[in-house]
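**Student:** First, the structure itself, so that you have it in front of you.
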Amino acid sequence: MNYLKARSARPAPVDEEVLGAVPDAAAPSPFQMLERARSGPLVQSLLDRALDETEKRVFTLHYGDDMPLEVITRLLGLQNRSGAKAFIVSARRKITRLVQQWNARELRLFPEGGAR
């Protein structure tokens, strides 16, 4: 009886073909992929407008490629005392300012939050 009970609690073996058809739970959904593709050019435009070339490279390497700041500092040969961190701080400040300006402009154009 114990053998039968233990056997029934174990999942049945599954073919490799069936496993290959199961979607990856960690993979982005089609909606997320579409949203990311749509927002990519907008983000690039925002970075181009707000940041200088070094800030853009540091920001992209750190947030886009998950590269640690110490590695970015060495990779780009940054000589300033704070290294890449100073560029991240500056970039975030500039982007925040630009987004605030954009939000203020949107509020003036659509004061009641109506459809755009």
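**Student:** Treat every Asp and Glu Cβ in the chain as -1 and every Lys and Arg Cβ as +1, leave all other atoms uncharged, and give the resulting dipole magnitude about the Cα centre to the nearest 20 debye. Mind dumping the intermediate values first?
**Tutor:** Details: 18 positive and 14 negative charges, 120 e Å.
That gives the chain a dipole magnitude of about 580 debye.
**Student:** Here is a follow-up. What's the magnitude of the charge dipole for the range 46-108 around its Cα centre, counting Lys and Arg as +1 and Asp and Glu as -1 at the beta-carbon? Answer in Debye, nearest 20. Please list the in-between numbers first.
**Tutor:** Values: 12 positive and 8 negative charges, 70 e Å.
In debye, rounded to 20, the range 46-108 gives about 340.
**Student:** Sticking with this structure for a sec: Restricting things to alpha carbons, tell me how big the chain is in terms of Rg and Dmax, in Å.
**Tutor:** Rg, Dmax (Cα atoms, Å): 24.2, 75.
**Student:** Tell me, 108, 57 in order of fewest to most beta-carbon neighbours within 10 Å?
**Tutor:** Placing the least packed residue first, the sequence is 108, 57.
**Student:** Counting pairwise Cα distances across the range 46-108, what percent come out greater than 17 angstrom?
**Tutor:** 40 percent
**Student:** How do 31, 59 line up, fewest other C-beta atoms within 10 Å first?
**Tutor:** Working: 31 8, 59 22.
Placing the least packed residue first, the sequence is 31, 59.
**Student:** Tally Lys and Arg at +1 and Asp and Glu at -1 over the other residues with C-beta under 11 Å from the C-beta of residue 83: what net charge comes out?
**Tutor:** Summing Lys/Arg as +1 and Asp/Glu as -1 gives +2.
**Student:** Taking the Cβ of each residue in 1, 33 as the centre, tally the other Cβ atoms inside 10 Å and list the residues starting with the fewest.
**Tutor:** Details: 1 5, 33 11.
The order, fewest Cβ neighbours first, is 1, 33.
A short reminder: the numbers here are calculations on the coordinates, not readings from a lab. If you're wondering where the values come from, they're calculated on a predicted model, not measured in any experiment. Neighbour counts are summed over all protein chains in view; Cβ atoms, including those assigned to glycine, are modelled from backbone coordinates with ideal geometry.
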